[in-house]
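Visitor: Structure below; questions to follow.
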Amino acid sequence: MPRAFAVSALLLAAAVGGYLLWENAQPLYRVYNATIAGDLVRLYTDGGELVVSRSQITLNPLVVNGTAALTGHLVTKEGRVVTHWSVGTNLIMTGAALMFISAAWRRDYE
């Protein structure tokens, strides 16, 4: 694998992973239950109850088989669904591993 490709992969993984980690720097709430009544979504979270407009929820589809699909997700107090911090960590670690493997591989054959 060319070194330029490995460096590019590491930088891309670090950028995306860093963004996902930054996204989790704000207060997040795990949704335990959610009910939808008209245009309002009532979220029962570990931080209390949040009531947000249905248009603010970024999860699509919002309802699956008649049940709100928000249970188990992490949300901001505005109702924006975010990705768990471990996804960012995994991206950064995978990029670093790819860079390490590429550098080690080149040493063996040069």
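Visitor: In this structure, is Ala104 closer than 25 Å to Leu21 by Cα, outside the structural domain of Ile36 (by TED's automatic domain parsing), among the aliphatic types (A, V, I, L, M) and without any contact (Cβ under 8 Å) to a residue 40 or more places away in the chain?
Guide: For Ala104, the condition - closer than 25 Å to Leu21 by Cα, outside the structural domain of Ile36 (by TED's automatic domain parsing), among the aliphatic types (A, V, I, L, M) and without any contact (Cβ under 8 Å) to a residue 40 or more places away in the chain - is not met.
Visitor: Now for a separate question. Do any residues in the stretch 65-82 that are more than 13 Å from Val52 (Cβ to Cβ) and of a type in the set (Val, Ile, Thr) have Cβ atoms under 8 Å from those of residues that are modelled with pLDDT of 80 or more and crowded, with 16+ Cβ neighbours inside 10 Å, where the two are at least six apart or on different chains, and which pairs are they?
Guide: Listed by first residue and then by second, the contacts come to Thr71/Val31; Thr71/Ala34; Val82/Leu28; Val82/Leu74; Val82/Val75; Val82/Thr76.
Visitor: Moving on to the next point. Can you pull out the residues in the stretch 20-34 that are surrounded by 13 or more Cβ atoms within 10 Å (Cβ to Cβ) and not basic (Lys, Arg)?
Guide: Of everything in the stretch 20-34, those that are surrounded by 13 or more Cβ atoms within 10 Å (Cβ to Cβ) and not basic (Lys, Arg) turn out to be Leu20, Leu21, Glu23, Asn24, Leu28, Tyr29, Val31, Asn33, Ala34.
Visitor: Can you pull out the residues in the stretch 35-68 that are small (Gly, Ala, Ser), under 11 Å from Gly79 (Cα atoms) and either touching a Ser or Thr at 6+ places or on another chain (Cβ under 7 Å) or part of a strand (DSSP E or B) (or both)?
Guide: Ser53
Visitor: OK, next. Inside the stretch 90-104, can you point out the residues that are at pLDDT 75 or above and loosely packed, with under 14 Cβ neighbours inside 10 Å?
Guide: Correct list: Met93, Ala97, Phe100, Ile101, Ala104.
Visitor: Okay, next question. For the stretch 70-92, state whether one or more residues are small (Gly, Ala, Ser) and more than 16 Å from the chain's Cα centre (by Cα).
Guide: No, there is no match, as no residue in the stretch 70-92 is small (Gly, Ala, Ser) and more than 16 Å from the chain's Cα centre (by Cα).
Visitor: Is it the case that some residue within the stretch 79-89 is hydrophobic (A, V, I, L, M, F, W, C) and more than 30 Å from Val7 (Cα to Cα)?
Guide: Yes: one or more hits.
Visitor: For the stretch 63-89, enumerate the residues that are charged (D, E, K, R) and surrounded by 13 or more Cβ atoms within 10 Å (Cβ to Cβ).
Guide: Lys77, Arg80
Visitor: Tell me yes or no: at least one residue of the stretch 29-42 is of a type in the set (D, E, K, R) and within 12 Å of the chain's Cα centre (by Cα).
Guide: no
Visitor: Do you know which residues across the stretch 23-58 are out of contact with any strand residue (DSSP E or B) (no Cβ under 9 Å at 6 or more places or on another chain) and touching a residue at least 24 places away in the same chain (Cβ under 8 Å)?
Guide: Within the stretch 23-58, just Pro27 meets the criteria.
Visitor: In this structure, does Gly95 turn out to be touching a helix residue (DSSP H, G or I) at 6+ places or on another chain (Cβ under 6 Å), farther than 30 Å from Ile36 by Cα and of a type outside the set (Phe, Trp, Tyr)?
Guide: yes
The values are calculated or read from the model by the stated rules, or taken from the named source; none is laboratory data. No experiment lies behind these values; they were computed from the predicted model shown. We place every Cβ from the backbone using ideal geometry, glycine too, and count neighbours over all the protein chains shown.
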